[in-house]
Amino acid sequence: MTAASPPRPVAAGRPVIVVMGVSGSGKSTVGGLLAERLGVPYAEADDFHPAANIAKMSAGHPLDDTDRAPWLAAIADWIAERGDRGGVVSCSALRRRYRDRLRQAGPPLFFVHLDGPEELIAARLAARMQHFMPTGLLQSQIETLEPLEPDEAGAVVPIEGGPQQIADRALAALPATPV
Ligand SMILES: Nc1ncnc2c1ncn2[C@@H]1O[C@H](COP(=O)(O)OP(=O)(O)OP(=O)(O)O)[C@@H](O)[C@H]1O
Ligand SMILES: O=C(O)[C@H](O)[C@@H](O)[C@H](O)[C@H](O)CO
């Protein structure tokens, strides 16, 4: 019987940054900028949804835990593939258990929670064109959100101001040492 190979050491590498928050908080906008500024790949969480999830949200129904399970698994696979080379992925990651699922992927994660007043988010959603997510789902997103807990590596970043300003804030919030 051969011994199992030891897990790949990732703790000393670059963390994968998960840009989290409710729909319309700016995850895609800020996530893309962060990846550019850090010189690492970016992944858009919406690209990992099964078609049924997109159809459900488009029809105005919030996803439940069962719907989100395969989506989180696919994002976790992307994170695992990054290993210790870093990356940025947008993902609402609204509940603690969803974030636990992503942490199971292996690489160290740092969560950037984009947070701001409901009116500001609603106004940005109302102005957004050509997106499947109805503004009416914002309320359920807010109700589902469980804020980062003290033992979770991450930071809350306010979303007032322009995208570059928010990206600057997020960059300043990143840990200087491995998470
Ligand atoms: N700082 C900002 N100032 C003004 N508009 C912004 C800002 N950030 C994002 N937006 C705009 O607000 C809308 C929502 O942003 P974005 O799509 O990045 O949010 P999201 O969190 O990725 O949403 P979803 O989860 O629904 O995909 C977009 O139209 C975007 O262009
Ligand atoms: O967990 C969820 O309910 C979903 O991931 C949503 O957050 C959407 O994917 C996104 O916000 C729409 O773009």
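Do we have residue 102 as within 13 Å of ligand 2 (Cβ to nearest atom), under 24 Å from residue 51 (Cα atoms) and in contact with a Gly (Cβ under 7 Å, 6 or more places away or on another chain) here? Before the answer, list the steps.
Working: within 13 Å of ligand 2 (Cβ to nearest atom): yes; under 24 Å from residue 51 (Cα atoms): yes; in contact with a Gly (Cβ under 7 Å, 6 or more places away or on another chain): no.
It is false that residue 102 is within 13 Å of ligand 2 (Cβ to nearest atom), under 24 Å from residue 51 (Cα atoms) and in contact with a Gly (Cβ under 7 Å, 6 or more places away or on another chain).
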Scanning segment 105-122 for residues that are over 21 Å from residue 168 (Cα atoms) and assigned to a helix (DSSP H, G or I), the one nearest to ligand 1 (Cβ to nearest atom) turns out to be 122
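Return the only residue of 165, 141 being over 16 Å from the mean Cα position of the chain (by Cα) and closer than 20 Å to residue 31 by Cα.
On the way: 141 fails: over 16 Å from the mean Cα position of the chain (by Cα).
Result: 165 is the single residue among 165, 141 that is over 16 Å from the mean Cα position of the chain (by Cα) and closer than 20 Å to residue 31 by Cα.
Within segment 116-132, does at least one residue satisfy the condition of being of a type in the set (Gly, Ala, Ser), under 27 Å from residue 52 (Cβ atoms), surrounded by 13 or more Cβ atoms within 10 Å (Cβ to Cβ) and more than 16 Å from ligand 2 (Cβ to nearest atom)?
Looking only at segment 116-132, we keep the residues that are of a type in the set (Gly, Ala, Ser), and these are 116, 122-123, 126-127.
If we keep only those that are under 27 Å from residue 52 (Cβ atoms) too, we end up with 122, 126.
Restricting the remaining residues to those that are surrounded by 13 or more Cβ atoms within 10 Å (Cβ to Cβ) gives 122.
Cutting the leftovers down to more than 16 Å from ligand 2 (Cβ to nearest atom) gives us none.
There is no residue in segment 116-132 that is of a type in the set (Gly, Ala, Ser), under 27 Å from residue 52 (Cβ atoms), surrounded by 13 or more Cβ atoms within 10 Å (Cβ to Cβ) and more than 16 Å from ligand 2 (Cβ to nearest atom).
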Given 74, 59, which one is of a type in the set (A, V, I, L, M) and either away from ligand 2 (no atom under 12 Å from the Cβ) or at pLDDT below 95 (or both)? 59
Check on residue 93, at pLDDT 95 or above, buried (at least 19 other Cβ atoms within 10 Å of the Cβ), more than 13 Å from ligand 1 (Cβ to nearest atom) and assigned to a loop (DSSP other than H, G, I, E, B): no
With the requirement that a residue be part of a helix (DSSP H, G or I) and of a type outside the set (A, V, I, L, M, F, W, C), what does segment 74-90 give you? 77, 81, 82
Test residue 102 against the criterion of being within 29 Å of residue 161 (Cβ to Cβ), within 11 Å of ligand 1 (Cβ to nearest atom) and either at pLDDT 95 or above or not hydroxyl-bearing (Ser, Thr, Tyr) (or both), and give yes or no. no
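The values are calculated or read from the model by the stated rules, or taken from the named source; none is laboratory data. Please read these numbers as outputs of a predicted model, since none were measured by experiment. FYI the Cβ positions are ideal-geometry reconstructions off the backbone, even for glycines, and counts take in every protein chain you see.
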